[in-house]
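*Asks:* Pasting a structure here, questions to come.
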Amino acid sequence: MNKKVNRYIKVFPWYAGLTSDLLFYIAIDTLFLTVVKNFSAAEIVSLTSFAQFACIALQFPVLFIIKRIGNTASIRIGAICMLLSAVLTTMGKSYYLVLVGRVFHDVSVVFRTASYVALENNLDLIDKRSEFVRVRASANTVYSVITMLISFVASYMFNLNHYLPMIGCITTCAMGVMLSFLMKDCSTYDKITYKKENKEKVKVKYTKFIIMAIVVYSLFYPIVNNGQSDGKLFIQQQVFLDFNVENTALIIGAIVCVSRIIRVLSNVGFAKIYCKYEEKLGIAFPVMLSGAIALMLFGSFIPQVFVKILAMGAGYTVILFARDPFNLYMQDVILTNTPKEQHQTLLTMLQFGVKITTAGMGLCFSAVLISYPMIVVMALMLAVSTIDIALGIKLYKMVLIEKNNRKVIA
């Protein structure tokens, strides 16, 4: 058993790094959809919205499947869904096929939450639960390093052949599928059995703390996702005003490249930052996110092209700096303060909340883009991000209370 657990811990960072998103594609996604698929800004934004609505409908059936087949099988299905997403996004000749590819991507996210639960379960088996943040941070570092290296070449690959980055995307997804078959949840919590006599034991009680955590997470990540995708599209539109397609690809590539380097640094140093500041990070990251959106929004008004690109690129970079650490922080907060039997359901509910909010925001933004420019969408995101700061402060106080309660029980 120890051999399998140790293998899981070693493979996990690479599995997570290769399956956390569609590698290569995310570096050129807006360019690929605009130039190759000929999608409008409204169509690009609506892809996320409609996919989220589909996943909302599938959320509880998928959770039911995860609980029945267990964490080990779910890890593999998650990787396979990501591969199908890459293939459909690349080969799909219509908006609807690309949309189905996006649905597979979002379903994959739900299945892959099982890998985090399995990681905690396996670490508990060898009395190393305290290593959870370090191992998860290592996985984030692997992902951020890979995406940083990709950012160096993605724009050149796109200019050489528009489909070349997508070939790389499919290849990395296939590698993730292979790695998934080396991973196993060795604990008795791989599959949670639901018998009549113990239903009360596994039923999730949604306390004010859990609800607040879900709400904060459900606002933060849709803003991050929209800030990253729509923000890049916003920058792209501004750059297109002064440069051709080839130069725009290089400039966007440079911004993505710098942001990926910063993302690596944030993941490498997060374990130390977490040990030092812990609960305060729940406030710090929403503040960073709001500041990043503001920088992109107000940077677009700067008349000097170089300064404009620099300011907007800096805002985009801050979004990626905050993305992974906040996700890890929130997962650890939930896993630390709730019973183990509830972990899979609660991590899934975090994703469910994100999907509902993302779908709502996406539809709203798509409707806005029919009559108004992208700058209005950025202003709306800024307004929502300020609300998340206030909620983050409330969650911070609740986390302190939960921490004190654990000390009393101990």
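*Asks:* Based on the Cα gyration tensor of the range 12-118, what are the three equivalent ellipsoid semi-axes, each the root of five times an eigenvalue, rounded to whole Å and given largest first?
*Replies:* 26, 16, 10
*Asks:* Another question about this same structure. Specify the angular offset, from 0 to 90 degrees and rounded to the nearest 10, of the alpha carbon long axis of helix 95-125 from the longest principal axis of the alpha carbons in the chain.
*Replies:* 40 degrees
*Asks:* When the chain is modelled as a GNM with alpha-carbon springs shorter than 10 Å, which of 117, 36, 399 fluctuates the most?
*Replies:* Looking only at 117, 36, 399, the biggest GNM fluctuation is shown by 36.
*Asks:* What do you get when you divide the Cα radius of gyration of the range 50-194 by 2.2 N^0.38 Å, with N the number of residues?
*Replies:* 1.17
*Asks:* From the P(r) of the range 201-324, could you give the percentage of C-alpha pairs in the tail past 27 Å?
*Replies:* More than 27 Å apart: 29 percent of the Cα pairs in the range 201-324.
*Asks:* Can you tell me the 0 to 90 degree angle between the C-alpha axis of helix 245-268 and the longest principal axis of the chain, rounded to 10?
*Replies:* On a 0 to 90 degree scale, this one is about 30.
*Asks:* If you don't mind, another one. Among the listed pairs 128/208; 205/280; 276/397; 128/394; 205/340, give every one whose C-alpha distance is greater than 22 Å.
*Replies:* 128/208; 205/280; 128/394
*Asks:* Just want to confirm a number: the relative contact order over the range 264-410, from Cα pairs under 8 angstrom separated by 6+ residues, in percent.
*Replies:* Taking the mean separation of contacting Cα pairs over the length of the range 264-410, I get 35 percent.
*Asks:* Then there is this: Please report the Cα spread of the chain along all three principal axes, rounded to whole Å, starting with the longest.
*Replies:* Result, largest extent first: 65, 42, 36 Å.
*Asks:* Given the convex hull of the Cα atoms of the range 40-89, what is a quarter of its surface area in nm²?
*Replies:* Averaged projected hull area, Cα only: 3.9 nm².
*Asks:* Let me ask something else about it. Highest mean first, how do 158-164, 29-35, 286-292 rank when packing is the count of other Cβ atoms within 10 Å averaged over residues?
*Replies:* Descending packing order for the listed peptides: 286-292, 29-35, 158-164.
*Asks:* Divide, for the range 328-376, the radius of gyration over alpha carbons by 2.2 N^0.38 Å, where N is the residue count.
*Replies:* Ratio of Rg to 2.2 N^0.38 Å for the range 328-376: 1.69.
*Asks:* Related question: Per residue, how much accessible surface does the chain expose to a 1.4 Å probe? Answer in Å², no decimals.
*Replies:* 42 Å²
*Asks:* So, one more: With a Förster radius of 45 Å, plug the Cβ-Cβ distance of residue 397 and residue 162 into 1/(1 + (r/R0)^6) and report the FRET value to the nearest 0.05.
*Replies:* My answer for the efficiency is 0.35.
*Asks:* On a 0 to 90 degree scale, rounded to 10, what angle separates helix 132-160 from the longest Cα axis of the chain?
*Replies:* So the inclination is approximately 20 degrees.
*Asks:* Another question, then. Among 151, 85, 371, which one shows the highest mean-square fluctuation when the chain is modelled as a Gaussian network with alpha-carbon springs under 10 Å?
*Replies:* Of the options given, 371 has the highest mean-square fluctuation.
*Asks:* To continue, here is another question. Given labels modelled 7 Å from the Cα in the Cβ direction, how far is it in nm from residue 36 to residue 243?
*Replies:* Inter-label distance under the simple model: 2.0 nm.
*Asks:* Mean residue ellipticity at 222 nm from the helices of the chain, using -39,500 (n - 2.57) per DSSP H segment of n ≥ 4 over the full residue count, to the nearest 500 deg cm²/dmol?
*Replies:* Helices in the chain give a 222 nm mean residue ellipticity of -29000 deg cm²/dmol.
The values are calculated or read from the model by the stated rules, or taken from the named source; none is laboratory data. What you see is a predicted model, and the numbers here were worked out from it, not measured in a lab. Note that each Cβ is placed from the backbone with ideal geometry, even for glycine, and that neighbours are counted across all protein chains shown. All accessible areas refer to the heavy atoms of the entire protein, side chains included, with ligands and DNA or RNA removed. Shrake-Rupley method; radii C 1.70, N 1.55, O 1.52, S 1.80 Å.
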